[in-house]
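To start, the structure itself, in structure tokens.
The values are calculated or read from the model by the stated rules, or taken from the named source; none is laboratory data. Every value quoted in this text rests on a predicted model; they were computed, and no experiment measured them. Glycine also receives a Cβ, built like all others from the backbone with ideal geometry; neighbour counts cover every protein chain displayed.
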Amino acid sequence: MAAQAARQPVLPSNPRVTASFHWESSARMLRATFAPGKQGTLLIDGNGVEFRGESQSGQLWAFGEIQTALLAPHRLTIKTYLNRSLHRPGERTYRFRLAQAIPPAVAAQFAQAVARPLQNADPAPDAPAIATIPARHRAIASGTNGVLRIRQNGIDYVTSSKDDSRSWRWADLQTLSNPDPYHLFVFGFRDTYTFDLKAPLSESLLDWASDEIFAHGESTTAPAVPRTRPTERGAAGRSQP
């Protein structure tokens, strides 16, 4: 591989990311057409995301320049704030297929560094949980079976079905709706999941989770913007008598 040019991040390193944060994998940058794409190495560290092609210098996206992302064990998609070329509408999106699976810990640090809402399909199945509830994710065509894990920092859905797992930070969520103890609607900024619960979800746990969503939403909302507290009776989605 040719010598790489010195990395010049667009923005300074993110202070939320630890100095030990570093991961890399062989990867292919996919193209919008049926072309085979570009082979190289993908790196994720405190500077952001970098792709080094086999025959040219690296391309770096600082975390502050990533609008949103989709992380899965062997896939990464990042949407930037850059305009698309040739006067096409929208912003540039880059897609990568990864030879090595992204560890859940790296996916969590990536989400923390980006800060803005994204989709993380790479939860840690053994992360500490306040409560676990067996559940089915209901989809249009079929669905998957797995476990909902209510954590201190968010909600995970862990399933063996490919790419259907999710790890939501509180900042990724808008609200929860629980019309009865055996159903839960998870409304995220980037996706929505409908769950049939195989064990009941308690009111106290729902109210606590709704409080966390509200608190994290307040921390990123300008004080002048009014908000309705989601834990007021009925705002969390419970049916009214």
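General remarks:
- Matching residues, region 86-97, being outside any loop (DSSP other than H, G, I, E, B) and surrounded by fewer than 18 Cβ atoms within 10 Å (Cβ to Cβ): Glu91, Arg92, Thr93, Arg95, Arg97
- Any hit, region 108-115, residues being among the polar types (S, T, N, Q), out of contact with any Cys (no Cβ under 6 Å at 6 or more places or on another chain) and in the same structural domain as Gly48 (by TED's automatic domain parsing): yes
- Subset of region 111-122 [outside any loop (DSSP other than H, G, I, E, B) and either farther than 13 Å from Leu70 by Cα or touching a Phe, Trp or Tyr at 6+ places or on another chain (Cβ under 8 Å) (or both)]: Gln112, Ala113, Val114, Asn120
- Only one entry of Ser202, Ser210 meets the criterion of being assigned by TED's automatic domain parsing to the domain that holds Arg151 and over 15 Å from Gly154 (Cα atoms), and that entry is Ser202.
- In region 140-170, the residues that are assigned to a strand (DSSP E or B), in contact with a Ser or Thr (Cβ under 6 Å, 6 or more places away or on another chain) and among the polar types (S, T, N, Q): Thr144, Thr159
- The selection criterion, being among the hydrophobic types (A, V, I, L, M, F, W, C), assigned by TED's automatic domain parsing to the domain that holds Pro200 and without any contact (Cβ under 8 Å) to a residue 60 or more places away in the chain, holds for Leu148.
- Residues of region 139-153 include none that is under 24 Å from Thr41 (Cβ atoms) and of a type outside the set (Ser, Thr, Tyr).
- Test result for Pro125, at pLDDT below 95, over 17 Å from Trp61 (Cβ atoms) and in the same structural domain as Leu30 (by TED's automatic domain parsing): no
- For region 70-113, taking the residues that are among the aromatic types (Phe, Trp, Tyr) and touching a residue at least 24 places away in the same chain (Cβ under 8 Å), the one that is farthest from Ser165 (Cα to Cα) is identified as Tyr94.
- Filter result for the condition that a residue is without any contact (Cβ under 8 Å) to a residue 40 or more places away in the chain, surrounded by fewer than 19 Cβ atoms within 10 Å (Cβ to Cβ) and either aromatic (Phe, Trp, Tyr) or part of a strand (DSSP E or B) (or both), over Gln39, Gln67: Gln39
- Residue count for region 113-128 under the criterion of being farther than 23 Å from Val49 by Cβ and crowded, with 17+ Cβ neighbours inside 10 Å: the result is 1.
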